[in-house]
Every structure is written in C-alpha cells, then in structure tokens.
2 protein chains.
Amino acid sequence: MANNPRTLRIDLASPRPVYEQIVSGLRAVLVAGEFEPGDQLPTVRQLAVDLGVHHNTVAESYRVLAEEGWLDLRRGRGAVVLDRRDPRPTTEAKQGFGRRLEELVAKAITDGVPRSALADQMAALAKKLGKT
Amino acid sequence: MANNPRTLRIDLASPRPVYEQIVSGLRAVLVAGEFEPGDQLPTVRQLAVDLGVHHNTVAESYRVLAEEGWLDLRRGRGAVVLDRRDPRPTTEAKQGFGRRLEELVAKAITDGVPRSALADQMAALAKKLGKT
DNA sequence: CGCAGTTGTACATTGTATGCATACAATAGG
DNA sequence: CCTATTGTATGCATACAATGTACAACTGCG
C-alpha cells in the first residue's frame, strides 16, 4: 500500500468545499508524478482518518479523479493510479487558465504579496514545466 | 458615472458561486488599473441587469471588495473606488499563492492544455508584473 | 470452497450557503 | 422638503456539502 502524500493539507475552516480541496491537492500530487501508474492510493477510510473527515467525503473526491481518468476504483481493491493520456484541450480550457491565473494573481496582490514574489514563483514554475 | 468593465463575464452554469465570480473578476479589473481612485463603479442594480442576476448578488460581491479595501459603499451614492494601500502579506498568503498556482496548473494539464502553453502564459504575466 | 474482513457505494439526514423577492434606510438633487 | 436613487436587511426556496448508516463487491486465508 502506497504512502500518504504528505503535501496534502486541507483547511476545514475554509469556505472551499473539503472534497474539492482534496481533489485539487491530489491532482497536483498526481501531475507532479509522486505516484506511478499501478500505485495504490490510500483507501478512502484511511485518508479520511488522516484528514479528519468522513470517508464518503474522500470517496467523492476519488470519484471526481476517476472521472478525469486518474484513478481506477473498485470495491475491495482500492484506488489504483492509471496511466493517463491527456485529452484534447478545449478552447475554454486554454482561455480559462489565463483568466484564472490573472484572478489568482489579483487575489495575491490584494493580500499584499509583492508582485516581484509572484513573478518569481511563476517564472520558476514555467521553467520547471518547460524542462519536461 | 464610469462605464461597465467589459472584461467581466460570468457563467451561470458554473458550480462556482456567481457572487464569487463577480468578486474575482472585478478584483482583477481593479488590480489591472482600469479604474482610478474616485471612479464610480456601476450601481448594484445596473451591473445586476447587465449580468442577468439579482442586485443582492452583486451587492454581496461589492461588500467583499469593500471589506478588502477596494471600495467605499454608501446608500444613495454608489460604489466608489478607493486609493488602496497593500496590506502586509501573511505567510499564509505567500504560501497559498504557490499552492494554488500548482493546483491551477495541474487542472489545466488534466484538461489537456499543453505545458508549453501554460509556461508561456505564466512567463508573459510574470514579465508584465516585473515591468511595474 | 467458504467465510470473514476490507473496500468502495448508495441513500437518507442534517446543516449551511446561494440566490432571489421584497421591504427598508440613507443619501442626492432639485 | 420631497422624490428618486442607491445600498442594506430580512425572510424564503432551493441546492449542495458533509455525515451516519447500511449495503455490495472483491480479496485472501483457512
């Protein structure tokens, strides 16, 4: 059984739905390649205990990721990471990223994060993506 | 009275709350400097009609932006853009941006957007921020 | 083969949030 | 003043999030 991704943290006080935080966090972990195809994710009950939520909440998250093609879910067996092939991007997906990125930056600026720090982080991530 | 920001678009079909879409979109507009301090934003009722939602929904968005220090709200007078001073950033704000950025990228990759396209958009925005 | 344990799933319940309708309060401008 | 305009408050219908509980499918050991 694979370990629990340590980078996964959720905020129960956040207005953002917990199951969505789990989806978003796990998706980042999967994209980062922390798990190989064939690896087992924690069971819904195990991860639920670790995060302090109900197992149905985790199950809902796993279902979203399965729908996206990241996971194979089966009773008694658990959640297995799949060898995923990227779909064709819609124009909405491409434009959506740009808008969301601007909105994310605007929020950070509103929170007082210096623009230089934002530029640095984006440049660093862009560089990492380019190396692939 | 100032014009309506044309870049503001909302999606009633999205699971994302409409009032939050308005907040996020308007915040990006304000950060971009489309409005000067002292400018009037559309009235809650006017913007509500333009977007096809109830004026209370817009009012809720304006209240959030007022709380963030972007707007001054008064009955009979409308919403006036303030000369805002950036607050001290919390460590949570700084770390939060990095995590959210990774999650946003992961979602785009899941949707099939090429990594090169993501890197390009981030590099472009980083450059624009640096020039300020 | 059987059977106990494990794992994901289905469904009902409860609390909360979203968006709207409606009425109200404060201000502007004649 | 008085009326129109603007943001605000309250109550409601509805939908969603998270949970409690029971169930179905699969594993693995005897």
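Each reported figure results from applying straightforward, stated rules to the coordinates on display, with no laboratory input. Keep in mind that this is a model prediction, so the values were computed, not measured. Here the Cβ is made from the backbone with ideal geometry for all residues, glycine too, and neighbour counts use every protein chain on show.
Between residue B:79 and residues 5 or more places away or on another chain, which pairs have amide H atoms under 5 Å apart, with H built 1.01 Å from N, and which residues are they?
The answer is B:41.
For peptide B:22-30, how many partner chain Cβ atoms fall within 10 Å of a residue's Cβ, on average? Provide the component values of the computation, followed by the final result.
On the way: counts 0, 2, 7, 4, 2, 7, 11, 2, 3.
Shielding by partners across B:22-30 averages 4.
Averaging sequence separations of C-alpha pairs under 8 Å and six or more residues apart, then dividing by the length of chain A, give the relative contact order as a whole percent.
19
To the nearest 20 debye, what is the magnitude of the charge dipole of chain B about its Cα centre, counting +1 on the Cβ of each Lys and Arg and -1 on the Cβ of each Asp and Glu? It would help to have the intermediate numbers written out before the result.
Details: 20 positive and 17 negative charges, 34 e Å.
Rounded to the nearest 20 debye, it is 160 debye.
What share of all Cα pairs of the protein assembly as shown, in percent, falls into each consecutive 5 Å distance bin?
Per 5 Å bin, starting at zero, the Cα-Cα P(r) for the protein assembly as shown comes out as 1, 5, 11, 15, 16, 15, 14, 10, 6, 4, 2, 1, 0 percent.
Kindly give the distances from residue B:87 to its copy-mates, label point to label point, with each label point 7 Å from Cα along Cα→Cβ, as nm values to one decimal ordered shortest first.
Inter-copy label distances (nm, one decimal, shortest first): 3.8.
Calculate the mean, over all residues of peptide A:89-101, of how many other protein chain Cβ atoms lie within 10 angstrom of the residue's Cβ.
On the way: counts 7, 3, 0, 2, 8, 8, 1, 6, 11, 8, 5, 6, 10.
Across the residues of A:89-101, the mean count of other-chain Cβ atoms within 10 Å is 6.
Roughly how large, in nm² to one decimal, is the mean projection of the convex hull of the alpha-carbon atoms in chain B? Let's see the in-between values first.
On the way: hull surface 38.0 nm².
Approximately 9.5 nm², given one-decimal rounding.
So who's got an amide H within less than 5 Å of the one on residue A:71, skipping anything under 5 residues away but keeping other chains? H placed 1.01 Å off N, in plane.
Those qualifying (amide H under 5 Å, at least 5 residues apart or on another chain) are A:66, A:82.
Just to confirm the numbers: residue B:67, label point 7 angstrom along the Cα-Cβ line, distances to the other copies in nm, shortest first?
Copy-to-copy label distances at residue B:67, shortest first: 2.9 nm.
What does the average come to when, for each residue of peptide A:124-131, you count the partner chain Cβ atoms lying within 10 Å of its Cβ? Mind showing how you got there, number by number?
Working: counts 4, 10, 12, 3, 3, 11, 6, 2.
Other-chain Cβ atoms within 10 Å of each residue's Cβ, averaged: 6.
Could you list, bin by bin from short to long, the percent of Cα-Cα pairs of segment B:18-89 in 10 Å steps?
All Cα pairs, binned at 10 Å, distribute as 20, 58, 20, 2 percent.
Mind checking which lysines have their C-alpha under 27 Å from residue B:107, skipping anything on the same chain fewer than 8 residues away?
Filter leaves A:94, A:107, A:127, A:128, A:131, B:94, B:127, B:128.
Calculate one ³J(HN,Hα) per residue across segment A:27-37 by plugging θ = phi - 60° into the Karplus curve 6.51 cos²θ - 1.76 cosθ + 1.60, and present them in order as whole Hz with x for glycine and proline.
Karplus-based 3J(HN,Hα) across segment A:27-37 equals 4, 5, 4, 5, 5, 5, x, 5, 10, 8, x Hz.
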